[in-house]
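In what follows, a structure is listed as structure tokens, so that the remarks can point back to it.
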Amino acid sequence: MNSAPAPTSSGRLLLWLRNALILGALAAAAFWGIAQLLTPPVEVPRSTVTLATAKLADIQSTAQSVDADFAKAWTQQGLAPVAKADDLTLMRRLSLALTGSIPSLQELRTLESIKGGADVPQWWLSQLLADRRTSDYLAERLARVYVGIENGPFLMYRRRRLVDWLSDSIQQNRPYDQIARSLIDSRGVWTTNPEVNFVTVTRQDNKGPDEVKLAAKVSRAFLGVRIDCVQCHDGKLGSTWKQTDFHQLAAFFGQADFALNGLRDDPKRTYKVRYLGQTEEEKVSAQVPWKPELLPAKGTPRAKLATWVTAKENKAFSRAMVNRMWALLFNRPLVSPVDEVPLEGPFPPGLELLAADFTAHGYDLQRLIRVITSTQVFQMSSQSADASHPVTTAAENAWAAFPVTRLRPEQMAGSVIQAASLSTIDAETHVLFRIKRSIDVANFVKRYGDSGEDTFEDAGGTIPQRLLLMNGNMISDNTGNNPLVNASTRIGMLAPDNATAVEAAYLSIFTRRPTPAESAHFTTLLATAKSRNSRSNAMSDLYWTLMNATEFSWNH
């Protein structure tokens, strides 16, 4: 194999000049970015950062009603809620819940540009709801509920198409009942009609869709009921569900079939099952397990089911989404497990009020998010102001303090990558960087342990997970000495002083400023680094230390 000819002296000079120009341009861009982020921001008029007064007042009124419901429960239990969290903490919570990542230093500096008196959480929420990162992230979370995380049958299933369709629907704030009906009663080809993938993912070899899996998905995802527990036998331990209840629900998908023109309904198809204790299969008629009066008399079975599921009088539909959205925002549902909400109660504080408001406002997902995040419950601190009286487990369980929960794997990965970049990683970021981010997040989640369909049940951290954070490539690659990519090196090279460098690191990683003791400690350590290289290495060590701290890996 012939090797490439060695470059001439003039060629080496040109190569050196080219690299110098590239590094100079990058350094100048980095310096300008740092300078902008470290300079006191220009204030933005309040009128540009608030919702219309009437709309905001209506949202706050509903939120206050929810808070009053919780306050009654706290009084009965002899609990007192903790104080409100600061704006930076609320900004971090919202970003983690809606984008799967902490906010960037660039975004934090933008927050500081708002004049005092503005409703910062609502302003930040407006930015996030208009950001494609939010719809993409929520679409992935919902897709896990609807179709799981498996690839499914390749020839008839396109998960990516479904996620993109969900993201478009969320971005457009399409009413949730319309989204649900489209998924349940979809037709056509899975590539051009992405909602069809809700059904095609269950395709059985040489058969039609799996009616049993679809019935389980509908009951859990859209109704918050685990009726699939009686798939093989009648309910036990006081359960009123019968095996017939589940299979009559599954029968609504009995006519669904695949043809050359995609998913369709074939009236000739029937659903049969062999019940426990029987020797022969029998034909099962489609019937709903409660409120049969809401089932339309006309239409295909799936169309009738879709109408029944999303009927305003079918409160289970609204409760299920309220409980799931609450779980996405708090990392913990109001009712646990998230897909097992009782039909007849008792219900926790806030659930019925939120469900009624969700229904009354046309299943508006963005409004639901705004109402929940406007509550005192969401905006409370996770810590007591009095260190001698820390938050108790009873207070946290009663929502008298914001619950402290572990970040999910994709939140951990997204936060590490964002903390390593001073600017925001969003749709405006170069496509190659976004592709790399997606690959890095997927690889990390696979190794860290995928949480699957978002059960929101904290199984506890493991030793391999901690070792992956300490020794894995995710953190080491994003904290290493690399002036072209990593924020730690850029801060170390370009921050005007050590105190500013420490503050920038804390804001980028913890979304807060260091305490005086923390600032003094790390400023002293940085002061011992005399050369540029040793200073960059010291900043890398600081970044690595903060990213491996417990505070970084928890939502609080």
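The values are calculated or read from the model by the stated rules, or taken from the named source; none is laboratory data. Keep in mind the model is a prediction, meaning the values are calculated, not measured. Using ideal geometry, Cβ is built from the backbone for each residue, glycine included, and neighbour counts are taken over all protein chains shown. The area values use the complete protein model at the heavy-atom level, side chains included, leaving out ligands, DNA and RNA. Shrake-Rupley method; radii C 1.70, N 1.55, O 1.52, S 1.80 Å.
Charged side chains reduced to their Cβ positions (Lys and Arg at +1, Asp and Glu at -1) give segment 227-278 a dipole of some 160 debye around its Cα centre. Would you work out the relative contact order for the chain, in percent, from Cα pairs under 8 angstrom that are 6 or more residues apart? So the answer I get is 18 percent.
For the chain, which whole percent of the accessible surface, found with a 1.4 angstrom probe, sits on carbon and sulfur atoms? Walk me through the numbers before you get to the answer.
Details: 14350 of 26180 Å².
Carbon and sulfur: 55 percent of the exposed surface of the chain.
Residue-wise HN-Hα couplings along segment 281-291, as the Karplus relation 6.51 cos²θ - 1.76 cosθ + 1.60 with θ = phi - 60° gives them from phi, are 6, 9, 5, 10, 8, 7, 9, 8, x, 7, 6 Hz; Gly and Pro carry x.
How large is the accessible surface per residue of the chain, computed with a 1.4 Å probe and reported in Å² as a whole number?
On the way: 26180 Å² over 556 residues.
Ligands and nucleic acids excluded, the result is 47 Å² per residue.
The label point for residue 168 and the one for residue 54, both projected 7 Å from the Cα toward the Cβ, are 3.3 nm apart.
Counting only DSSP H runs of at least 4 residues, each contributing -39500 (n - 2.57), and dividing by the residue count of the chain, the helix-based mean residue ellipticity at 222 nm comes to -16000 deg cm²/dmol. Counting Lys and Arg as +1 and Asp and Glu as -1 over every other residue whose Cβ lies under 10 Å from the Cβ of residue 332, the net charge comes to -3.
Taking the Cα centre of segment 85-205 as the origin, how large is its charge dipole in debye, to the nearest 20, when only Lys and Arg (+1) and Asp and Glu (-1) carry charge on their Cβ atoms? Let's see the in-between values first.
On the way: 16 positive and 15 negative charges, 59 e Å.
Result for segment 85-205 is approximately 280 debye, rounded to the nearest 20.
Please give the contour-minus-distance gain from residue 242 to residue 312: 0.36 nm per residue of separation, less the Cα-Cα distance, rounded to one decimal in nm. Walk me through the intermediate numbers first.
Numbers: separation 70, 0.36 × 70 = 25.20 nm, distance 2.53 nm.
Difference between extended and current length: 22.7 nm.
Compute the Cα gyration tensor for segment 307-445, then decide on rounded, prolate or oblate, letting a ≥ b ≥ c be the square roots of its eigenvalues: rounded whenever a/c is under 1.5, prolate when a/b is larger than b/c in the other cases, and oblate in all that remain. The shape class here is oblate. Taken as entire DSSP H runs, the helices of the chain that both span 30 Å or more between Cα atoms along their own long axis and average 1.0 or more on the Kyte-Doolittle scale are 9-38.
Positive end of the dipole of the chain (Cβ unit charges, origin at the Cα centre): among 229, 363, 545, the Cα lying farthest that way belongs to 545.
So if each residue of separation counts as 0.36 nm, and I subtract the Cα-Cα distance between residue 281 and residue 386, what length gain in nm does that give? Before the final figure, lay out each step's value.
Numbers: separation 105, 0.36 × 105 = 37.80 nm, distance 6.58 nm.
So the chain would gain 31.2 nm between residue 281 and residue 386.
Protein-only accessible surface at a 1.4 angstrom probe places the residues 326, 241 in the order 241, 326, largest first. Subtracting the Cα-Cα distance of residue 524 and residue 297 from their residue separation scaled by 0.36 nm leaves 74.1 nm.
Placing R0 at 25 angstrom, the Cβ-Cβ distance between residue 192 and residue 132 gives a FRET efficiency of 0.65 after rounding to 0.05. Determine the shape class of segment 159-264: with a ≥ b ≥ c the square roots of the Cα gyration tensor eigenvalues, call it rounded for a/c under 1.5, and otherwise prolate if a/b is greater than b/c, oblate otherwise. Taking the square roots of the gyration eigenvalues as a ≥ b ≥ c, segment 159-264 is oblate.
Database remark: amide H of residue 241 closer than 5 angstrom to the amide H of 235 (H placed geometrically; neighbours at sequence offset of 5 or more, or on other chains; Pro and chain starts carry no H).
Each of 126, 499, 420 was scored by the projection of its Cα onto the charge dipole of the chain, and the greatest displacement toward the positive side belongs to 420; charges sit on the C-beta of Lys, Arg, Asp and Glu. Accessible area of residue 321 (1.4 Å probe, protein heavy atoms only, ligands and nucleic acids ignored): about 10 Å².
Each residue was assigned an accessible area with a 1.4 Å probe, and for residue 274 the value is about 140 Å².
Mind putting a number on the dipole of segment 295-335 about its Cα centre? Charges go on the C-beta only, +1 for Lys and Arg and -1 for Asp and Glu, and I need it in Debye to the nearest 20.
Values: 8 positive and 1 negative charges, 13 e Å.
That gives a dipole near 60 debye.
Note on exposure: 281, 211 ranked by accessible area (1.4 Å probe, complete protein assembly) read 281, 211, with the most exposed listed first.
Most simply put, the chain has about 90% antiparallel DSSP beta bridges, counting only bridges with both residues inside it. Ligands, DNA and RNA excluded, the heavy atoms of residue 158 present near 70 Å² of accessible surface to a 1.4 Å solvent probe. Using a cut-off of 14 Å between beta-carbons, work out the net charge of the residues near residue 260 (Lys and Arg +1, Asp and Glu -1, residue 260 not included). Counting the neighbours of residue 260, the net charge comes to 0.
Put 541, 245 in order of accessible area, highest first, and with a 1.4 Å probe you get 541, 245.
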